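The values are calculated or read from the model by the stated rules, or taken from the named source; none is laboratory data. Remember, predicted model here, so these are calculated numbers, not experimental data. Quick reminder, even Gly has a Cβ in these numbers, built from the backbone with ideal geometry, and neighbours come from all protein chains shown.
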Amino acid sequence: MRAFGAIVLLALPGCLFGSGAESRITSATEGIRLADSAFEGDRYDEADELYEAMQDRYPDVFPEEVLFKRARANFLSGDYGEAFALYDRLADEFFSNRYADQMIADEFVIGQKYLDGEIRWLGIFPRRSQGVKVFHHIMTHWPRSSAAEEARRLLAEYYFEDGAYADAIAEYLELRKKYPSSRWKPVYDYRYAVSLRMECKGVDYDRGRLEAARLAFLEYLDAWRPTGHTFVKSAETQLAELEEMLGEKEYRIGGFYEWFDEPLGAAVHYEKAIQRYPRTEGAKASAEALSEVEEEMAEEGGDR
């Protein structure tokens, strides 16, 4: 009982008289002075506690500034989760851009740390989905700023490097539409094409998607081959590989129609291989097969 009583007595001062921070604040002016002094002295945990006490006791005194400084104190102390939560609240509650530049700068750091796996739950599990949330926050609240493009670019890069190609396709498509004059436009075009290709399961399953990737590589090369852009050689190699796959697929489809004694259907696919993918082995084989099919069709027509 004595131990229990001691615990109760120790708890009573905080319960009856408030936290240490609150007990030190005798007026709004004094509260701001104490909080700012702690902040400027790099005592960020103390500053956060004092600013929070100000919010509770004097909610109408410099509410935007107090909330911003709380967020900033948490950021500087390394509590990135709490910092982002407070910045999120700040963006929702106040529509001015008074602190926008610093908020964006801090949120970029927070988002990147999450995506890089530096911030982990229980010190073990990365929280990369939170990084996605942070970058979407930037894009949503400052859509016309240069920060919005940079946030989407980093998000697309994250998806691309992580092998989440469906998400990368969506982000690069948005970047290509919204920022046609960006200095990053060649990269957007190239990675959009690569993502389309990598998202495919194979020519037998995603012929349409592979054809879309082929057209995207052609578009990239038409636009950026004259400039000698970094990825031109890679794009040419991948385009040649795609056309080989697609040319052979058309040739095999033509053979399928021949096997079912449908020469007209066979001729359509042989011609498609020849016209669309002229430099491929499939086109060469299709040209030979088409010649034979046309001879057979001519003979059948003569017999009639």
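Please determine whether any residue of the range 28-36 is touching a Ser or Thr at 6+ places or on another chain (Cβ under 7 Å), among the acidic types (D, E) and within 21 Å of F75 (Cα to Cα). Checked against the condition, which is being touching a Ser or Thr at 6+ places or on another chain (Cβ under 7 Å), among the acidic types (D, E) and within 21 Å of F75 (Cα to Cα), the range 28-36 yields no hits at all.
Taking the range 161-187 as the range and being without any contact (Cβ under 8 Å) to a residue 24 or more places away in the chain and among the hydroxyl-bearing types (S, T, Y) as the test, the residues that pass are Y172, S181. In the range 84-116, of all residues being surrounded by 14 or more Cβ atoms within 10 Å (Cβ to Cβ) and small (G, A, S), the one that is nearest to E64 (Cα to Cα) corresponds to A91.
Considering E199, E171, which residue is crowded, with 18+ Cβ neighbours inside 10 Å, at pLDDT below 95 and either farther than 24 Å from A71 by Cβ or among the small types (G, A, S) (or both)?
Details: E171 fails: at pLDDT below 95.
Going through E199, E171 in turn, the sole match is E199.
Pairs linking a residue in the range 269-286 that is among the acidic types (D, E) to a residue that is surrounded by fewer than 23 Cβ atoms within 10 Å (Cβ to Cβ), with Cβ atoms under 8 Å and 6 or more positions apart or on different chains, are E271/L290; E281/E244; E281/E248.
Restricting attention to the range 36-52, the residues that are exposed (fewer than 15 other Cβ atoms within 10 Å of the Cβ) and in a helix (DSSP H, G or I) add up to 3.
When the residues of the range 64-117 are filtered to those that are assigned to a helix (DSSP H, G or I) and hydroxyl-bearing (S, T, Y), the one that is farthest from H137 (Cα to Cα) is S77. Within the range 126-160, the set of residues being among the hydrophobic types (A, V, I, L, M, F, W, C) and either touching a residue at least 40 places away in the same chain (Cβ under 8 Å) or within 17 Å of V109 (Cβ to Cβ) (or both) comprises V132, V134, F135, I138, M139, W142, A147, A148, A151, L154, L155.
For the range 168-198: of the residues being closer than 15 Å to R209 by Cα and of a type in the set (A, V, I, L, M, F, W, C), which is nearest to the chain's Cα centre (by Cα)? Break it down into steps so the answer makes sense when it comes.
Within the range 168-198, the subset closer than 15 Å to R209 by Cα is 168-170, 173, 191-198.
So of that shortlist, the ones also of a type in the set (A, V, I, L, M, F, W, C) come out as 168-170, 173, 193-194, 196, 198.
Values: A168: 6, I169: 10, A170: 9, L173: 11, A193: 16, V194: 15, L196: 15, M198: 16 Å.
My answer is A168.
Restricting to the range 218-243, give me the number of residues that are crowded, with 17+ Cβ neighbours inside 10 Å, within 23 Å of E199 (Cα to Cα) and modelled with pLDDT of 95 or more.
Residues of the range 218-243 that are crowded, with 17+ Cβ neighbours inside 10 Å, as a first pass: 220-221, 224, 229, 231-232, 235, 238-239, 242-243.
With the extra rule that they be within 23 Å of E199 (Cα to Cα), the set shrinks to 220-221, 231-232, 235, 238-239, 242-243.
After this cut, where a residue has to be modelled with pLDDT of 95 or more as well, the list is 220-221, 231-232, 235, 238-239.
Matching residues across the range 218-243 total 7.
For the range 127-149, which positions are charged (D, E, K, R) and not in a helix (DSSP H, G or I)?
Initial filter on the range 127-149 (charged (D, E, K, R)): 127-128, 133, 144, 149.
Of everything in the range 127-149, those that are charged (D, E, K, R) and not in a helix (DSSP H, G or I) turn out to be R127, R144.
If you scan the range 81-92, which residues turn out to be touching a Leu at 6+ places or on another chain (Cβ under 7 Å) and not aliphatic (A, V, I, L, M)? The answer is R89, and nothing else. Report yes if some residue within the range 276-295 is surrounded by 15 or more Cβ atoms within 10 Å (Cβ to Cβ), assigned to a loop (DSSP other than H, G, I, E, B) and not β-branched (V, I, T); otherwise report no. Checking the range 276-295: at least one residue is surrounded by 15 or more Cβ atoms within 10 Å (Cβ to Cβ), assigned to a loop (DSSP other than H, G, I, E, B) and not β-branched (V, I, T).
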